[in-house]
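Undergrad: Before we start, here is the structure in question, set down as structure tokens.
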Amino acid sequence: MKFLKSLLEKIQSRKKSSGNPNFKSVAPPAYLEKSPEWHNHLPKIKPSQSISSETLDTYSADYNKNEKNELAHHVIRNASVTDILLNGDILMKNPELFSEKIDLEGNITNQKSSGRCWIFAATNCMRLVLMKKYNLKTFELSQNYLFFFDKFEKCNYFLETMVELALIEEPDSRLIDRLFSTPVNDGGQWDMLVNVVEKYGVVPQCAFPETYHSSNSSQVNWLVTKKLREYGITIRKALREEKKSVEQVRELKTEMLNNIYRILVTALGEPPKTFDWRFRNEDGKFHSLDHITPKNFYENHIKPGLGTGEDLGVGSYVSLVNDPRHPYYTRMTVKHLGNVYEGKKINYLNVPVEVLKEAAYNTIKDGKPVWFGCDVGKFYDRKHGVMDLNMYNYRAAFGVDVVNNMTKAERLMYNESLMTHAMVFTGVHVNDSTGSTERWRVENSWGVSAAGTGSSGFEIMNDDWFSEYTYQVVVEKKYLRKDLEPLLGVSNSQPIIELPLWDPMGSLA
């Protein structure tokens with residue numbers, strides 16, 4: 001603040017020495033002394049459909065009469081807004097200290113220039129089963145393996161959807177436009193993870209390592225997208241204009257998928273049908289699993305550690321979402337969103353955000369991680385690894401408020417927010433006096449250098465930020481309130497809300 005006041009004094013001194021008769025010395029703005037609260041009151045402007053020169057003159061006069069604005073301009077023009085407006089007090093209010101934290105955490109992973117956060121978050125949860133079982137300090141499952149099969153299945157899903165909709169949807173329909181705009185991408189949802197894991201299993205990273213294109217996916221995505229658009233047009237023409245049968249079109253699709261497979265194998269490698277896994281644990285003991293299939297590896301070495309009793313494996317988990325636009329305690333799905341065409345559909349249980357927090361807290365308290373989805377770009381300081389609604393003081397520089405001017409429902413309805421990223425909760429801090437959650441420990445997948453909380457690469461989420469920008473958590477059924485259990489079964493007669501593909505809850509983390 002001393003620097004800002006000094007700069008203001010220099011500006012006033014320069015103007016005074018210029019001989020301007022209209023110059024009037026003013027005291028430093030109140031926000032430099034006490035409160036950042038200030039308001040400009042415009043004179044009445046005649047309403048108009050367009051912006052007139054008189055309106056511009058009025059705005060300019062209003063801007064220039066307050067020297068605080070010139071001060072803000074000089075400060076902001078040469079540096080990042082978020083660097084200048086960072087609220088240091090917020091960093092001190094969010095220490096890397098948690099009353100509840102899981103005992104076992106692996107090293108921070110790095111998805112690099114790809115949109116595979118949902119796969120990384122899931123494998124970061126699953127790997128803990130093996131780390132605990134075999135006493136490993138850290139370990140990674142192959143994200144590239146799941147990435148390959150998710151990508152390949154999405155291509156088939158798109159082509160089958162083209163067959164399904166060819167005679168129903170016109171070329172200019174919103175659904176066709178949406179499907180062709182992004183035939184395939186890197187993102188995904190929990191139920192899509194369930195599909196590829198249960199169908200193809202998993203492998204250690206050493207059995208199917210990263211390639212340049214798994215870590216930098218834009219080029220292969222471009223190539224596959226281009227071919228899928230071409231194939232989609234071919235399928236629509238074959239059914240609509242050439243009057244070919246579905247069986248004939250599926251013969252065409254077989255060759256299309258053969259080309260896609262060739263592209264993916266060339267860029268990502270060919271997934272192994274069997275592999276050997278040999279390692280020494282923290283006690284120096286040698287282990288060897290030879291000629292094991294990916295499905296057997298998952299079924300026998302990971303699935304038993306995910307869940308309780310008969311509810312085992314990734315498919316037994318429940319996906320809770322907080323979407324205030326729709327009634328709570330209802331199930332929701334997203335039409336035409338998926339990867340494995342015959343696989344599990346997207347299945348959400350919409351509940352108040354307090355239910356998400358309670359389920360996440362119960363899971364962490366029991367020593368287990370929580371996969372979750374959020375809108376990570378909002379009020380997030382990547383340098384320090386902190387998510388807080390008051391991270392930046394925009395009012396101090398621009399005179400406008402940007403926090404809580406919209407409800408969570410309004411942000412979803414009017415394109416201000418949607419789920420953009422998946423990560424993992426590994427800790428939570430609870431206030432001793434109130435018993436309420438205050439902040440959450442977050443395991444990200446952007447590498448160690450991306451975060452500033454020490455050198456760990458783990459990040460901190462303020463509880464108010466959770467309320468506004470966290471949309472989904474995935475937990476075991478036993479960590480839910482008992483009164484929610486009847487809503488989970490397939491026998492539940494309650495109708496499912498079917499969201500369109502372009503709905504923000506259909507966004508892929």
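Undergrad: Assess whether LEU320 counts as being of a type outside the set (Lys, Arg) and closer than 16 Å to GLY506 by Cα.
TA: Considered against the rule, which asks whether it is of a type outside the set (Lys, Arg) and closer than 16 Å to GLY506 by Cα, LEU320 comes out as yes.
Undergrad: What pairs come out if I take residues in region 96-123 that are touching a residue at least 40 places away in the same chain (Cβ under 8 Å) and farther than 22 Å from ASP186 by Cβ and pair them with residues that are in a loop (DSSP other than H, G, I, E, B) and basic (Lys, Arg) whose C-beta lies under 8 Å away, six or more apart or interchain?
TA: ILE102/LYS368
Undergrad: For region 156-182, name all the residues that are outside any helix (DSSP H, G or I) and open to solvent by 10 Å² or more (accessible area, probe 1.4 Å).
TA: Across region 156-182, the qualifying residues are LEU167, ILE168, GLU169, GLU170, PRO171, ASP172, SER173, THR182.
Undergrad: Still on this model: Looking only at region 183-205, count how many residues are closer than 30 Å to LYS244 by Cβ and open to solvent by 40 Å² or more (accessible area, probe 1.4 Å).
TA: So the count comes out to 2.
Undergrad: I'd like to check something: does region 386-397 contain any residue that is in a loop (DSSP other than H, G, I, E, B), surrounded by 14 or more Cβ atoms within 10 Å (Cβ to Cβ), at positive phi and in contact with a helix residue (DSSP H, G or I) (Cβ under 7 Å, 6 or more places away or on another chain)?
TA: Scanning region 386-397, I find no residue that is in a loop (DSSP other than H, G, I, E, B), surrounded by 14 or more Cβ atoms within 10 Å (Cβ to Cβ), at positive phi and in contact with a helix residue (DSSP H, G or I) (Cβ under 7 Å, 6 or more places away or on another chain), so the answer is no.
Undergrad: Among LEU146, LEU130, which is the only one that is surrounded by 20 or more Cβ atoms within 10 Å (Cβ to Cβ), over 23 Å from the mean Cα position of the chain (by Cα), assigned to a helix (DSSP H, G or I) and modelled with pLDDT of 95 or more?
TA: LEU130
Undergrad: Here's another thing I want to ask about it. Can you name every one of the strands (runs of 3 or more DSSP E) wholly within region 310-376 that holds 3 or more residues which are open to solvent by 10 Å² or more (accessible area, probe 1.4 Å) and either touching a helix residue (DSSP H, G or I) at 6+ places or on another chain (Cβ under 9 Å) or under 23 Å from LYS154 (Cα atoms) (or both)?
TA: Output list reads 330-334.
Undergrad: Right, here's the next one. Can you find, within region 281-303, the residue that is least open to solvent (accessible area, probe 1.4 Å) among those that are free of Cβ contacts under 8 Å to residues at least 40 places away in the same chain and in a helix (DSSP H, G or I)?
TA: Among residues in region 281-303 that are free of Cβ contacts under 8 Å to residues at least 40 places away in the same chain and in a helix (DSSP H, G or I), the one least open to solvent (accessible area, probe 1.4 Å) is LYS303.
Undergrad: Taking the stated definitions as given, is GLU210 closer than 23 Å to GLY506 by Cα, out of contact with any Gly (no Cβ under 7 Å at 6 or more places or on another chain) and open to solvent by 10 Å² or more (accessible area, probe 1.4 Å)?
TA: When the stated conditions are applied, GLU210 does not pass them.
Undergrad: Another question, then. Considering VAL402, VAL474, which residue is under 26 Å from LEU141 (Cα atoms) and either aliphatic (A, V, I, L, M) or assigned to a strand (DSSP E or B) (or both)?
TA: Going through VAL402, VAL474 in turn, the sole match is VAL474.
Undergrad: Every residue in region 77-89 that is in contact (Cβ under 8 Å) with a residue 60 or more places away in the chain and within 23 Å of GLY447 (Cα to Cα), please.
TA: Result: THR82, LEU86.
Undergrad: When region 107-142 is examined, which residues are found to be among the small types (Gly, Ala, Ser) and closer than 21 Å to GLY313 by Cα?
TA: ALA121, ALA122, SER142
The values are calculated or read from the model by the stated rules, or taken from the named source; none is laboratory data. All values derive from a computational prediction rather than experimental measurement. In this analysis, Cβ positions are derived from the backbone assuming ideal geometry, glycine residues included, and neighbour counts consider all displayed protein chains. With ligands, DNA and RNA removed, areas are computed over all heavy atoms of the protein, side chains included. Shrake-Rupley method; radii C 1.70, N 1.55, O 1.52, S 1.80 Å.
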